[in-house]
Amino acid sequence: MSLRNRLTDTFGITHPIVAAPMDYVSDARLASAVTQAGGLGLVGGGYGDEAWLAHQFAALTAAPVGCGFITWSLGHQPHLLDHVISHRPAAIFLSFGDPAPYARTIREAGIPLICQVHDITQARRAIEVGADVIAAQGGEAGGHGGGLRSTFTLVPEIADLLHATAPDVMLLAAGGITDGRTLAAALALGADGALVGTRFWASPEAAVSRAAQNHALAASGDDTIRQQVYDLIREKSWPPHYTGRVLNNDFLRRWHGHEIHLTHHLPHTRAQFNTALAAEDYQVANIIVGEGIGRITSIAPVATIITEMVTRATQILAPPEPRQYRP
Ligand SMILES: Cc1cc2nc3c(=O)[nH]c(=O)nc-3n(C[C@H](O)[C@H](O)[C@H](O)COP(=O)(O)O)c2cc1C
């Protein structure tokens, strides 16, 4: 049994696995590795850095590869959309903001549009603007999100919505998918595939320091927390309803819940953060991972991760052997 389906057919890939566009973590190396292993790699457009993006597209070693944007941030530099379209990505992934201002340009360029959503209202909006794929992100996911829904209920609810109103729109489940069991669950919940972030973050191909990865391997899902402290520290103007899931640490125990107080200490705390980042002191610097980190016990190559995920999911989803007839 193979996991090939309409998602793999549409993108010309082998496995229904899409790499999350994790800002600078998802550079050409990681995106190419995922595609090489049969998934769909995405370069992380993140907050938008034209020189970095040009460099990543030039450095790709596999195709197809798409690109993600943080939608509200794209609003500050809308020309980046044309820049990325000129590289003919396999998909453009918009997350965190209204996709409407960009959807038409993407669709007229003939590039599949993936919209990441966090609730039903956003899913309806994605359908309305003509998304080809919806990524339903539960609050257990690493990085930013809406935070209020879980993958386990959001995915089947959106699957039913799509089935009833937009059956051609495909669905990815995002948040907590780290292995074959969770991939099988995502497919069983009605998704066409999985959007995987944290599991690929813990690979040698990800643009992450090995010290950060080793630190995170010791964590359980309980050790992650949704917060806004690091957005204040990093001067990222996220709309207020978004929070980011990271590993909890001493810095967050001091400032989470005391953000107003923190704003009065920003020059000092920013300096402290930058020093910690350079020194790889993760009791102060941030590590962005989801609850799924609790089920990750090794830094494994992307190809190994994908093979194990697909092999196990296939076993789980395989129809049972017909019972032997015994007279
Ligand atoms: C390190 C990291 C960085 C992320 N950065 C982005 C980003 O720049 N843009 C985006 O749309 N999503 C980003 N995400 C969220 C992913 O799109 C995705 O929803 C999430 O990784 C899925 O959950 P998982 O981490 O449990 O696999 C990030 C996630 C992680 C772990």
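One quarter of the convex hull surface built on the alpha carbon atoms of region 114-204 amounts to 5.5 nm², the projected area averaged over directions. Of the chymotrypsin sites (Phe, Trp or Tyr not before Pro) found in region 238-327, those in coil by DSSP whose Cβ has at most 12 other Cβ atoms within 10 Å are Y325. Summing Lys and Arg as +1 and Asp and Glu as -1 over all other residues whose Cβ lies under 14 Å from the Cβ of L80 gives a net charge of -4. Annotation: extensible slack from A188 through N274 equals 26.6 nm (criterion: 0.36 nm per residue apart, minus Cα-Cα distance). Start at zero, step by 20 Å, and the Cα-Cα distances of the chain spread as 33, 58, 8, 1, 0 percent across the bins. Charge dipole (Cα centre; +1 on Lys/Arg Cβ, -1 on Asp/Glu Cβ; no other charges) of the chain amounts to roughly 480 debye. Give the shape of region 210-279 as rounded, prolate or oblate, defined through the alpha-carbon gyration tensor: a ≥ b ≥ c are the square roots of its eigenvalues, a/c under 1.5 means rounded, and otherwise the shape is prolate if a/b is larger than b/c and oblate if not. Note, shape of region 210-279 comes out oblate. Spacing of the modelled spin labels on A59 and T304, each 7 Å from Cα toward Cβ, amounts to 2.3 nm.
Fully extending the segment from D98 to R253 would add 52.5 nm, taking 0.36 nm per residue of separation and subtracting the current Cα-Cα distance. Taking amide H positions as modeled 1.01 Å from N, with prolines and chain starts lacking one, the residues under 5 Å from H144 and 5 or more places away or on another chain are R245. Between H264, W238, A279, the Cα set farthest toward the positive side of the dipole of region 210-279 (charges on each charged residue's Cβ, about the Cα centre) is that of A279. Going from the residue with the fewest nearby Cβ atoms within 10 Å to the one with the most, M170, M309 rank M170, M309.
Could you calculate the FRET efficiency of T263 with Q77 from 1/(1 + (r/R0)^6), where r is the beta carbon distance between them and R0 is 22 Å, rounded to 0.05? Efficiency for this residue pair is about 0.25. For the chain, hydrophobic long helices are taken as DSSP H runs at least 15 Å long by C-alpha position along their axis with mean Kyte-Doolittle hydropathy of 0.5 or more; these are 151-165, 302-317. Net length available on complete extension from H163 to T121 is 13.5 nm, with 0.36 nm assigned per residue and the Cα-Cα distance removed.
Read the figures in this text as sums done on the coordinates, not as results from a lab. It should be emphasised that the depicted structure is a prediction, and the values quoted were computed from it without experimental measurement. Reconstructed Cβ throughout: ideal geometry from the backbone, glycine too, with neighbour counts over all protein chains shown.
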